[in-house]
Each structure stands twice: as structure tokens, then as C-alpha cells.
Amino acid sequence: MVIDLISIIPELIVTGFGLLVLMLSVFIGKKFDRAIAPVITAGIVLAIGAVFAFNFYNPASAFNNSFVVDNFSSFFRIFTLITALIIVGLSVGYVKESVYIKRNLGEFYFLIMMVTVGTMLMSSSGDLIMLFLSLELVSIPTYILAGYEKMNERSNEASLKYFILGVLASAILAYGFSLIYGATGEINLKEIAQIIINRDLLSNSYLLIVGTIMALIGFGFKIGAAPFHWWAPDTYEGSPTIITTLITTIAKLAAFSGLIRFLFIGISRFKDSVWIILFIIILSMLSFILGNFMALPQKNFKRLMAYSSISHAGYMLIGFAAATMDAQWAVFVYLMAYIAMNLGAFSVAMLVERTRKSEEIKAFAGMGYTNPFISICMIIFMISMVGIPPFAGFIGKLFVFKAGVEANLTWLVIIGVLTSVVSLWYYVNIIRHMYFIKYEGDAAAAKIKAPKLNVFIISVLALFNIAMVVVPSVFILIGKNAVTLF
Amino acid sequence: MVITGKHILHSAFYLAATLLCVAMYFIMLRAEFLAAVEVLVYIGSIVVLILFALMLTRTKVGEDTNISNNQKVFAALTAVILFVSLTLVFSYSKIDTVAENATALKISSIKDFSGILFTKYTLPFEIASILLLTALVGSIVIAMKEKLQTESETVVGQKSIDAGNTGNQNNENNVLANQGVQDIAAIDKNIGSNLAGSSETMVGDVLPDTDDAKGEGQKGEN
């Protein structure tokens with residue numbers, strides 16, 4: 001029992017601070033608003049400390065194997081917490097200018113904390129029930145947060161679309177899980193893997209294959225892979241930008257860590273089944289083709305990022321299709337790069353939006369001359385998104401593609417490379433707007449206001465993007481260590 | 001019938017009937033406790049809650065022909081394909097494994113059930129409770145929204161707001177602006193005691209009921 005509690009200390013801390021903020025904001029009222037972000041930050045930092053102190057060298061399997069502490073979960077928890085920290089940092093300035101969020105600030109941060117807890121639980125879940133519950137714990141707060149701008153019709157639309165499609169996805173996921181339970185008679189992921197190997201279920205049980213594919217459909221919704229991506233553009237566009245950032249980073253992290261757990265531990269031999277591999281390949285191919293080509297005509301930055309994240313999900317799915325050991329850490333490294341560049345791009349976009357009140361790509365015009373530093377960082381993020389050296393995105397793509405080629409999926413990789421060439425156009429378009437197009441708007445808004453905290457976060461993220469190329473071995477080592485326990 | 005019925009009240013009753021049939025299935029599978037829970041929770045509270053929501057929020061309960069649906073063919077096709085493929089899968093695979101497990105677990109009485117729930121599955125249980133709390137907070141946030149509008153109009157530099165809507169309710173809300181903060185506190189305090197009642201009276205008294213329906217609907221979901 002003690003070891004059970006020790007293993008979930010980080011989650012307890014995050015949940016506790018979330019509840020604390022909720023309660024204090026109720027009882028103290030508006031006066032507490034200024035203190036919320038520091039309290040939340042303290043909570044997250046404490047949780048990071050707890051992961052290092054209690055979990056890092058103590059692999060454990062708690063709560064009847066439903067909660068697993070291994071390298072993967074420890075790394076993922078720290079990764080999630082750092083992402084959450086950055087999002088909280090970005091939100092400090094953002095919420096001040098958002099009339100809606102400011103009103104229910106305690107609840108806002110409580111929900112963000114719950115998303116974080118859900119993601120942490122997801123990365124360490126050991127059975128199907130935990131996978132499902134933690135995915136819900138990630139999803140339900142994001143549905144609410146997406147609709148946080150109450151009178152904004154777009155925000156309502158975003159929330160409603162996300163909610164209906166998300167619930168449908170959860171239902172399909174749950175049904176898939178129940179079929180897997182029916183086929184194997186186990187909910188524990190490791191035991192499922194054992195039973196599948198013992199009874200050779202992947203070659204003779206259609207129940208299991210259909211269950212796995214249905215679960216993949218459910219996860220596909222959450223990671224926004226085509227053809228299950230229809231919620232993404234509208235939700236990204238309509239949600240408050242800080243929540244778009246949350247959805248595109250933490251919620252994606254949750255879905256991917258769940259997918260890694262589910263596929264690589266649960267259905268560990270999924271490579272044996274042609275159907276499952278074929279399904280993943282189709283998902284991946286559709287994602288990066290559709291994502292990149294649909295992004296071309298977009299004029300709204302958030303919509304563009306939605307399609308861009310669909311295509312990135314497609315690239316990561318190549319790693320799942322390859323299903324080798326190398327592919328596992330390649331996906332992990334890609335995720336790190338993806339989170340870093342997405343956070344960066346959104347934090348710059350948030351500043352632009354706050355000053356110029358527009359999310360259009362046009363709003364970026366001319367900022368290359370008024371705000372040289374931020375613009376250079378934005379160039380780094382954009383180039384990194386395309387996957388051209390010398391930035392993080394390149395490292396991520398390189399290893400995923402390498403794993404794909406090694407698994408004899410060269411044709412898929414070639415299509416991937418070609419479509420990422422297409423993506424060059426729309427990413428560079430943003431850079432073109434920043435430097436070669438004059439800003440025609442309110443002269444007061446020409447110079448983008450950049451609070452010190454945001455500039456600090458942006459520069460840290462830009463440095464991270466560069467660091468991933470300068471010392472890739474460190475990140476490869478992290479990735480390798482994170483997956484060795486499988 | 002639930003989804004094709006144009007009268008929302010009828011749909012609710014059809015839903016109750018469907019859920020009753022599901023409960024029957026549970027009894028046939030020898031999961032009596034689950035059947036009882038199904039009846040109690042789904043029919044006893046959720047359907048009744050839907051009816052309550054209808055009663056309290058809609059001025060006119062009647063045929064709602066507004067719901068346009070031009071995807072009927074596509075939806076039917078998908079359903080048929082899914083049904084056929086699942087039937088094929090089920091008929092080709094050995095289902096007896098499921099039955100074995102059900103008997104192997106020996107969850108026959110409520111005592112066994114609770115024993116397992118609080119020992120083997122403690123963590124999922126706790127997470128489910130957190131999940132419900134989150135949903136509760138979220139539904140209150142959504143239900144609370146409408147009344148605090150005036151504040152938004154004093155703040156310069158707001159983002160796009162539906163101008164017509166704010167204009168209409170401007171007068172009512174001026175009075176309420178000051179109470180807003182206290183109301184949040186009051187409602188949150190009342191969660192424990194009587195959620196539906198408290199938020200219903202507070203929000204419902206003053207407001208046109210549109211957003212309230214949304215909040216109530218979400219409570220129903222949960």
C-alpha cells in the first residue's frame with residue numbers, strides 16, 4: 001500500500017494543487033486571481049521534484065498492476081509537467097486580456113491541472129481501464145476549455161464539435177477495448193500481450209483484430225489523424241489560443257503516450273497482423289497527404305497549425321507502422337521536437353494575436369522589422385516544422401523516416417518526404433509575411449508587445465530546438481532510455 | 001426510435017425502453033447487480049433528469065422539426081456495414097472465452113463486487129471520481145457563463161462577441177454584475193448539497209433559458 005502511494009505522489013500533488021486553487025478561488029474570490037498562477041507553478045515544480053525523488057530509480061507496479069512506474073512513465077511525466085509549466089507561463093499574460101477566462105480563473109487552472117494529471121496517468125497506465133479513464137480525464141476538461149469563451153460563437157462551435165466527435169471516439173475506443181477483453185479475457189496490458197503470444201490470437205482471432213482497430217480509431221480521433229481529423233480545424237480555430245496550445249501539445253501527448261502503451265505493450269506483436277499494420281499505414285499516409293495539402297490554402301494561422309499537426313501525427317504514425325525498437329524511440333524524439341516547435345510557434349502567435357487582435361497569417365506582416373528577436377525565433381520554429389536542418393524537426397523526422405526505411409516502408413517514407421516538401425510552402429509563407437509584406441493596420445499595433453516572461457519562454461524553446469540538433473545524442477539517449485523497459 | 005423520433009419527449013421514453021432491454025441482457029448474462037445499476041442509474045436518474053431538464057428549460061415541449069438531417073442514407077449505410085462486419089466477426093470467433101472469464105471472476109454478489117472495487121480497482125475508482133468532479137466543475141462553468149456579461153462590456157479590447165445577444169440582455173445584467181462573484185461562490189458551496197436545485201434556481205430565475213439547457217444537458221451526460 002505504501003509503495004502504491006509513493007508511486008502516485010506526483011499525480012497526487014498535481015491533483016491536490018488543482019483542488020487547492022479551485023477551493024481558494026471560491027473562498028477568497030477575485031483577490032486570489034493574481035496568486036493562482038504562482039501557486040500552480042509551485043505545484044508543478046513540486047511534482048517534477050517528486051518524480052525525480054520518488055519515481056526515477058524505483059520502477060514499480062502499483063495498484064494491482066494498473067499503475068506502472070517505469071522509465072517511460074517517468075520521462076513522460078516530466079515531459080508533460082514541463083509542457084504544462086510552459087503553458088501556465090504563457091497563460092499568465094493571456095488570461096488578463098481574455099474577458100471570459102478571467103472570470104472563472106480558478107476553474108480554468110483547475111481544468112488545466114486535470115488535463116495534466118490525465119496525461120501523466122495515461123503514460124503510466126498498465127491496463128485498459130486506466131487507459132480509458134485517463135483518456136477521458138484528458139478529454140473532458142479540454143471540451144470545456146475549448147468552449148470557455150462563452151459568447152464567442154466560434155468557441156461554442158469548437159467545443160461542441162470537439163465534444164460530439166470526442167465522445168463518439170471514446171465510445172468506439174471503449175467498444176474496441178471490450179472486444180479485446182472478450183478475446184483475451186484480460187485487462188492488464190502485459191498479460192494481454194502474453195495471452196496473445198501464447199494462443200497466437202493475432203492470426204486466428206478476428207475479435208482481437210477488430211477490437212484493436214476500433215481502439216486505433218478511437219486513438220486516431222484523439223491524435224487527429226486523417227480520416228478522423230474533422231474536428232481539428234474548427235476546434236483549433238475556435239478555441240482560445242491558449243487552449244489550442246493545450247490541445248495541440250498536452251492532449252496530443254496523452255493520446256500518443258496511450259497509443260505507445262497500448263500498441264507496444266498491450267498488442268506487442270501487432271506487426272504480425274497485416275490488417276493492423278495496413279490500417280496504421282493508411283492512417284499515416286492519409287494524414288500527411290491530407291494535412292499538408294489542406295494546409296496550403298489556409299489563411300488563418302490556427303487553422304493552418306491544425307492541418308500541420310494532422311500531418312505531424314501522420315509522420316509519427318510511420319514510426320508505429322514500422323514497429324521496431326528504433327521506431328519507438330524515434331517516435332519519442334519526434335514528440336519532443338513536435339512539442340517544442342508547436343509551443344514555440346503558438347507562443348509567438350499568441351503575442352501577435354494579443355497586440356494585433358487577429359489570428360490571420362496577414363497579422364504577422366512586417367514583424368520582422370519591428371520585433372527582430374521574436375521573428376528570428378519564429379523562423380526557427382517554422383523551419384523546424386518543415387524538418388529542414390539545422391533544427392529539431394529535422395532530427396525528429398530523420399529518425400522516424402530511418403525507422404520506416406529499415407522496416408521496408410521506403411515507399412511510405414518517400415511519400416512522407418515529398419509531402420513535407422509541400423509543407424515548405426505554407427510554413428515559409430508565414431516567414432514571407434513577416435519580412436516582405438508591410439503591415440497595413442493600426443500603427444499603434446505595429447510593434448508587437450512582448451512581455452519579458454513570454455520572450456524568455458520563446459527563447460528557451462528556440463534554444464531547445466537548436467539544442468536537439470547540436471547534441472542529438474542526448475535526446476536519443478533519453479528516447480532510448482525511455483523505451484528500454486518495454 | 002430514439003434518434004428518429006421528432007418529439008423529444010418520446011425519444012426520452014424510447015431511450016428508457018432501450019436501456020431496460022440492455023438491463024435484460026445483463027440479467028441473461030447473470031450480472032444481476034449490473035442490471036440493477038443499469039435500471040437505477042440510467043432509467044431511474046438519467047432519463048428522469050432529461051425529462052426534468054425538458055420541463056424546466058423549454059417553454060414549449062413539442063415536435064421539434066428544426067432538426068434537419070441530410071445524412072440519413074449515409075448514416076444508415078455506415079450502421080449496416082458496421083452491423084454486418086461485427087456479426088461476421090462475432091460468428092467467426094470463439095466467444096466462449098468471455099463466458100469462462102465471467103464465471104472465473106465470480107462476481108455474483110454485491111459484496112464481492114464492492115470488495116473488488118475497493119481493493120483491486122481502487123485507482124480507477126478514484127480517477128473516476130476525479131473525472132466526475134471535473135465534469136461537474138465544467139458544467140457549472142458553462143451554466144454560469146451567461147449571467148456575467150456586463151463585465152465584458154466594460155473591458156476594452158475584448159474579442160469577437162455576438163453583439164446582438166449582449167445588447168439584449170444588457171439591462172438585466174447591469175444589476176447582476178456586482179453579485180456575480182458572490183454567486184459563483186454560493187453555487188460552488190452548494191455543489192455538495194443540492195447541485196441541480198441550486199444552480200437551477202440561481203441561473204434559471206433571471207435568465208432566458210438557452211444556456212441553462214446546455215449545462216443541464218451536460219449534467220445529464222455525466
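General observations
- Picking from residues in region A:132-148 that are under 18 Å from A:S98 (Cα atoms) and at the interface with chain B (Cβ under 7 Å from one of its Cβ atoms), the one that is surrounded by the fewest Cβ atoms within 10 Å (Cβ to Cβ) is A:I144.
- Check on A:L216, part of a helix (DSSP H, G or I) and free of Cβ contacts under 8 Å to residues at least 12 places away in the same chain: no
- Residue match in region A:227-235 (condition: in a helix (DSSP H, G or I), farther than 21 Å from A:T119 by Cα and either more than 14 Å from chain B (Cβ to nearest Cβ) or among the charged types (D, E, K, R) (or both)): yes
- Search result, residues across region A:1-34 that are closer than 16 Å to A:I101 by Cα, touching a helix residue (DSSP H, G or I) at 6+ places or on another chain (Cβ under 9 Å) and either of a type in the set (K, R) or without any contact (Cβ under 8 Å) to a residue 12 or more places away in the chain (or both): A:G29, A:K30
- Among the residues making up region A:436-483, those that are aromatic (F, W, Y) and part of a helix (DSSP H, G or I) are A:F436, A:F456, A:F464, A:F475.
- Residues of region A:292-326 satisfying the condition of being of a type in the set (D, E, K, R) and assigned to a helix (DSSP H, G or I): A:K302, A:R303, A:D326
- Verdict on A:F79 being at pLDDT 90 or above, within 20 Å of the chain's Cα centre (by Cα) and within 14 Å of chain B (Cβ to nearest Cβ): no
- Residue count for region B:119-142, restricted to those that are within 7 Å of chain A (Cβ to nearest Cβ) and among the acidic types (D, E): 0
- In region A:1-10, residue nearest to A:F108 (Cα to Cα) [restricted to those that are more than 9 Å from every other protein chain (Cβ to nearest Cβ) and surrounded by 15 or more Cβ atoms within 10 Å (Cβ to Cβ)]: A:P10
- Positions within region A:82-96 being within 14 Å of chain B (Cβ to nearest Cβ) and crowded, with 18+ Cβ neighbours inside 10 Å, in sequence order: A:G93, A:Y94, A:V95
- Qualifying residue in region A:330-349 (condition: among the β-branched types (V, I, T), in contact with a Gly (Cβ under 8 Å, 6 or more places away or on another chain), in a helix (DSSP H, G or I) and free of Cβ contacts under 8 Å to residues at least 60 places away in the same chain): no
- In region A:288-301, the qualifying residues are those that are surrounded by fewer than 24 Cβ atoms within 10 Å (Cβ to Cβ) and in contact (Cβ under 8 Å) with a residue 12 or more places away in the chain, and the one that is farthest from A:L335 (Cα to Cα) is A:K299.
- Test for A:F163: is it at pLDDT 90 or above and over 24 Å from A:I280 (Cβ atoms): yes
- Of the residues making up region A:108-131, not a single one is within 11 Å of another protein chain (Cβ to nearest Cβ), without any contact (Cβ under 8 Å) to a residue 24 or more places away in the chain, surrounded by fewer than 24 Cβ atoms within 10 Å (Cβ to Cβ) and among the hydrophobic types (A, V, I, L, M, F, W, C).
- Residue match in region A:403-416 (condition: under 30 Å from A:P59 (Cα atoms) and surrounded by 21 or more Cβ atoms within 10 Å (Cβ to Cβ)): yes
- The number of residues in region A:154-171 that are within 10 Å of chain B (Cβ to nearest Cβ) and in contact (Cβ under 8 Å) with a residue 24 or more places away in the chain comes to 4.
- Tally of residues being within 14 Å of B:I142 (Cα to Cα) and either among the aromatic types (F, W, Y) or surrounded by fewer than 24 Cβ atoms within 10 Å (Cβ to Cβ) (or both) across region A:151-165: 7
- Comparison of A:A37, A:A47, A:A53, A:A42 shows that the only residue that is surrounded by fewer than 21 Cβ atoms within 10 Å (Cβ to Cβ) and either touching a helix residue (DSSP H, G or I) at 6+ places or on another chain (Cβ under 7 Å) or within 13 Å of chain B (Cβ to nearest Cβ) (or both) is A:A37.
- Enumeration of residues in region A:355-402 that are touching a Lys or Arg at 6+ places or on another chain (Cβ under 7 Å) and on the phi < 0 side of the Ramachandran plot: A:T355, A:E359, A:E360, A:I361, A:A363, A:A365, A:T370, A:N371
- Boolean, A:Y206 is at the interface with chain B (Cβ under 8 Å from one of its Cβ atoms), without any contact (Cβ under 8 Å) to a residue 60 or more places away in the chain and out of contact with any Gly (no Cβ under 6 Å at 6 or more places or on another chain): yes
- Put simply, of A:Y109, A:Y162, A:Y148 the only residue that is not in a helix (DSSP H, G or I) and not β-branched (V, I, T) is A:Y148.
- Hits in region A:353-377 (condition: within 25 Å of the chain's Cα centre (by Cα) and modelled with pLDDT under 85): A:S358, A:E359
- Checked against the criterion of being closer than 17 Å to A:A482 by Cβ and surrounded by 22 or more Cβ atoms within 10 Å (Cβ to Cβ), region A:355-376 contains not a single residue that satisfies it.
- Region A:430-454: number of residues that are crowded, with 17+ Cβ neighbours inside 10 Å and among the hydrophobic types (A, V, I, L, M, F, W, C): 6
- Residue count, region A:182-198 (criterion: at the interface with chain B (Cβ under 9 Å from one of its Cβ atoms), on the phi < 0 side of the Ramachandran plot and surrounded by fewer than 21 Cβ atoms within 10 Å (Cβ to Cβ)): 2
- On the stretch given as region A:21-31, residues that are surrounded by 17 or more Cβ atoms within 10 Å (Cβ to Cβ) and either away from chain B (no Cβ under 11 Å) or among the charged types (D, E, K, R) (or both) total 1.
- Matching option when the condition is under 13 Å from A:V348 (Cα atoms), touching a helix residue (DSSP H, G or I) at 6+ places or on another chain (Cβ under 7 Å) and at pLDDT 80 or above, among A:I458, A:I476: A:I458
The values are calculated or read from the model by the stated rules, or taken from the named source; none is laboratory data. Computed from a prediction, not measured in an experiment: that's the story for all the values here. Methodologically, a virtual Cβ is constructed for each residue, glycine included, from the backbone with ideal geometry; neighbour enumeration extends over all protein chains shown.
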